[in-house]
Every structure is written in C-alpha cells, then in structure tokens.
Amino acid sequence: MADIRVQSEITGKVWAIEANVGDSLDEEDTIIVLESMKMEIPVVAPAGGTLKEILVQEGDAVTEGQDVAVMDG
Amino acid sequence: MRELIEELRRRQADSLKLGGAGRVERQRHQGKLTARERVDLLLDDGSFEELGQLASHVHTPVPTIPDKTTPADGVVTGFGRIEGRPAAAIAEDFTVLGGSLGINNFTKKVRMMELSGRDKVPIVWLFDGAGARTDEYIGEGLAPMHHFMDVAKLSGVTPQIAGVMGPSAGDSSLLAAMMEFIVMVEGTSMLAAGGPPLVKVGTGEEVSKEELGGADLHCRVSGVGDNTAPDDAAAIAMLRRYLSYLPTNAYQYPPYREPDDDPDRRDEELGDILPDNLRRPYDMKKILERVVDRDSFFEIKPDFAKMMIVGLARLNGHAIGVIANQPKVMAGAITAAAGAKHRHFMDLCNAYHLPILFLMDTPGVMTGPQSEAEGALRAGMTIAHSFAFARVPLLSLTIHKGFGYGAAAMGGLGAGQSMTLAWPSADFNAIPLDSGIQAAYRAVLEAAEDRDAEQARLEAELGELCGAFPVAEQMKIDDIIEPAETRPRLIQALERALTHRSQAPEPAMRWGFLP
C-alpha cells in the first residue's frame, strides 16, 4: 500500500482535527478543518484508506500544498 | 473531356486514401479516428462541401522524401452544417507526413480562414499535426504572423474552436492556443511550442508528450486547454454542444431552443443546500444545476481554477453564460487564475450576446504573499474592464458571502445589472468585519476589560448591519427572494431584459477578446 499524502489546498490555520489516527476513512471524509478567508475549510481524504498520521496540531499555520496528514491507500 | 473527368475522379479517389492503409491502421491503433472520420462526425450527415481536396505538396529543389505523396496536402478542409447551421472544418491528417504543415497545407488553412471571415462562419479546427514540414520550410525566410492576426481579427466575430486530437506542435499548437474553446483528448493529445525532441535539443530535458503538454497539464494546470474528452468522438460531441449555445456570428443573437423545463418551477429543496453552519462550504453546482433548464449546464474549464465555475446553460430556452463562485474550493476566493478564467468567459459572453448569470459566494480576492506573487490583483481588476464594456443583460444573485472587491467582480453595486437579487442568507461587507472592527474600534477594544468579549460583542452588533435585509432597506440590491422561487424570478428578469433585442446585433468587441 502506498502512502497518500494529504495536502492543504489553501493557506490558513488548523481550526479543528476531526479524524483520529487509525480511522478507516472513505473518500471525501473530513480529516482536518482549516480556517482561512473567514471560512471553515475541510481537508478531506482524497481516497478511501486508513489514517496513518496527522502532521499538524490545532492552531498551526499551514501553507497551500503543505502535507497535513498521511493515509494508507 | 471524358478522359479529363476520369483523371479528376482518379485524383479525388487518391485523396480519400489519406496517407495509405498502413498509416491509417497505425492511427486507429492509437485509438484515434482519421481526419475524414472526424469531419464526418463533426458535420451533419451529407453536408460536407470540401475545398482543396486535390491539393498536394510543393516541389522542393532538393527532394528529401522519396515517393513523397501528400493527399489533400495533409489537411482536410471545407464547410458543412452543425445542427443545421453553417460551420467550417479544418482537420489535420496525421497519416500524411505526421499532419505536418506544408506550404500548400498552410495555403489551404489560410484560404479557409479567409472564407470564414468573409462569410462569418464558425471554424472548428481538429488538430493532429506536428508543425512545419521542414523540407519545404527551409529557406522560406521570415515566419508568418498574418494568419495569427486573422484569428485575432475573427475573435468575437465568429466562433473559433478546436479539438486537439494528437500531438500538436509548432504552428498548430500556436493556432490552437488562440482558440476560444479547446477540447483535448486524454492520452493522445499534446500542445507544445516544441515537441519532446526539440525540448531535448533546447534544454536537455527528457519529457513525455503527456508531461510536456498533455490534456491534464493544459486543462488542469496551465489553463491553455478548456475541457478534456476520453476519445475523439466525445471531443467532437463537446465541440458541437459548445456551438449549440452560440450564434453563428456576432451579427446574430444566440439560438433559442424550446425548453423542456417549466419556467415557473419552484424548488423547495434549494433552501436545504446551504449548511446550518454558514462558515462551512457547500457545492454551488447543486444550486446552479437546479436553477437553469434541466441538463442544460455545460461547464467550461471544469478542472482549472475550480473556485470559479463558468459555463453555458439555458434559462427557459435562452442561451446564457453562468459565472459562479465555488465555496467548496478555497472558500470561493478569487485567485489570479480564477480572475483570468472569469474575465475571459465574461468577454466571450459579451462578444456573442449571451446574458450572464452571476451566483455569488466569495470572501474576496485571495490574500497572502503567494496570491500577490501570482498577480491576483491585476487578474481580478481586468474583470472591471469586462463589466465596463459589457452590453449583455447581467443578473446577479448573492447566495451567501459578497465581500470586498470579490463581490464587485461578481456583479457588485452599479455594475449595470438588469437585476440584483439575494437569498436571505446573503452577507455583505465592503471590508471583513473582524479586521474592520480591529481597525475602526481600536481605542474601544484597548479600553475594554475583556478584549475578546468586546470584539465578539461588536461583531455581533455590527454584523446585524451586514445581512441581506439592511442592504435591501438601503436599496443596494433590487430584492431578496426565497431560494425556492429563484428560477422563476431569474427567468422573469431575463425575459424583461431581453426586450432590447429588438435592435439588430453587431460585434461588441473593439479588439476581439484576448485568449
């Protein structure tokens, strides 16, 4: 199984972490919620798989294209 | 005379053989149709009127290709009909010396452009050609600019669109990049100023056609291409569909098509699409597709700058353009790419008299150093030019956020709309509320015992002024409507605005519109 790097599409702050390491996720399930441009923007699973690692903490600043989580595809 | 007629028939039959059975087989093996099959699919049955069928190559002083034969000189050209209306087809034939641009091949293309310009007939290019035929072009001197200028001058006068259906480099790729709508076939198409061999010589890089200029690169990353298609037939269907919304030329209005949807259709479920937490995103396409005529939305550039949705649709049978923010992607913020996508589509609508429906939910132009580096400011402001010179009916509907210049770019105050509507969920701010309060109420906040509580209190109090109702009270929008009545209200406004079509149409663009 190849790792799936989950990336932030926008620069912002980590508002909430909604999934836990080990969770089995479907495509489009929310992993993290960012706050940017006054909106809460979910970072979702790009494909189904198991959440292996979360690379950020609540309150962290993230940039566009930054890896925020890793999944097992 | 009989012998001459026989000779004519023999030459015509030879031309239909394309580059020979072996090369035609290779073309099919790659999953591609031949140039003639493509033209047959593109044009209505039996409507093809071919020009230049008997063209062949020029004779070079030093022959380099043994037994050089070039049926139709590698490009099938002529006129026909698409859904009953006239259109020109220029289809490069890869089976003839790789679809290369010979001197007579070029003359055929230029002749087609001349006739299309004269008769104001849309041109559909089907690209599958490798650029200049070097044995003919060595010693030809200064590269021509005039045919690119012809494309520019026809822009906004009659549609010029393209299917890229094979590797397209050199002159073909340059022409393709000027087209107003470009479909690329996945897996077989390439658009590049120079193909992989030229790149290797120029920079030493080894790249595949797909990496260099494939459908994914151009339709998702560069934005040079618009839509991808899984195969030639699907690409041609898309080209035909695109033209179905447009007038034959700018001296006509777009065709009306009898709708099979009810103009008075209320849709109670529209009110359920927005999430309870309005800070969370939703899919704008769900609203858009329920408001326009059923199955009429044809999205353009669906994979590029996805925070801005553009496409063609029909509203009670009238062809329109739709420009909508997509809150699901980057909160609907307007990036440089989103601004460029909006501006080009708005100019296209204005050129062909397509009324425009704006669906607004944007927090504004994207902020931050990356966005500034991309030039979001200038890309965003080109939209002001499009509004300033727009002569088509504009309808704007604010769904939720309409903040700052982003709101202006989606049809803000005084943008010349025929109607400005909002749902009760609309939220308007010339500047963001939180940072606006921090600036304007600094002394109050500094004096407060609990700064955060005071900020929250001010946001709640002043936020009351920013919703749909205060804006309607000030007559800064024309009306607030229930989501359910969106379709009938938009149709009423559009059909009233179309009254001005009692005047004869003429080209709207002063200099064509830029790609």
If we keep only residues of region A:22-35 that are within 11 Å of chain B (Cβ to nearest Cβ) and of a type in the set (A, V, I, L, M), then the residue nearest to residue B:404 (Cα to Cα) is A:34
Between a residue in region B:500-514 that is among the aliphatic types (A, V, I, L, M) and any residue that is not in a loop (DSSP other than H, G, I, E, B), which pairs come within a Cβ distance under 6 Å, given they are 6 or more apart or on different chains? B:508/B:350; B:508/B:351; B:509/B:351
Quick one: which helices (runs of 4 or more DSSP H) lie wholly within region B:127-218 and hold at least 2 residues that are surrounded by fewer than 22 Cβ atoms within 10 Å (Cβ to Cβ) and of a type in the set (A, V, I, L, M, F, W, C)? B:146-154, B:171-177, B:196-203
For region B:312-368, give me each residue that is within 14 Å of chain A (Cβ to nearest Cβ) and under 30 Å from residue B:120 (Cβ atoms). none
Which pairs do you get when a residue that is under 24 Å from residue B:250 (Cβ atoms), found in region B:120-132, comes within reach of a residue that is among the aromatic types (Phe, Trp, Tyr) and not in a loop (DSSP other than H, G, I, E, B), reach meaning Cβ atoms under 7 angstrom, with the pair 6+ apart or on two chains? B:121/B:79
Between B:272, B:303, B:276, B:295, which is under 13 Å from the mean Cα position of the chain (by Cα) and surrounded by fewer than 22 Cβ atoms within 10 Å (Cβ to Cβ)? B:303
Within region B:38-61, count every residue that is under 11 Å from residue B:78 (Cβ atoms) and in contact with an Asp or Glu (Cβ under 8 Å, 6 or more places away or on another chain). 2
Take the conditions more than 14 Å from every other protein chain (Cβ to nearest Cβ), aliphatic (A, V, I, L, M) and either in a loop (DSSP other than H, G, I, E, B) or touching a residue at least 40 places away in the same chain (Cβ under 8 Å) (or both) and apply them to residue B:399. Does it pass? no
Extreme residue, nearest to the other protein chains (Cβ to nearest Cβ), among residues of region A:36-64 that are in a strand (DSSP E or B) and farther than 13 Å from residue A:18 by Cβ: A:39
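Here, each number is a calculation from the coordinates, and none is a lab measurement. Bear in mind the structure is a predicted one, so any value in this text is a computation, not a measurement. Using ideal geometry, Cβ is built from the backbone for each residue, glycine included, and neighbour counts are taken over all protein chains shown.
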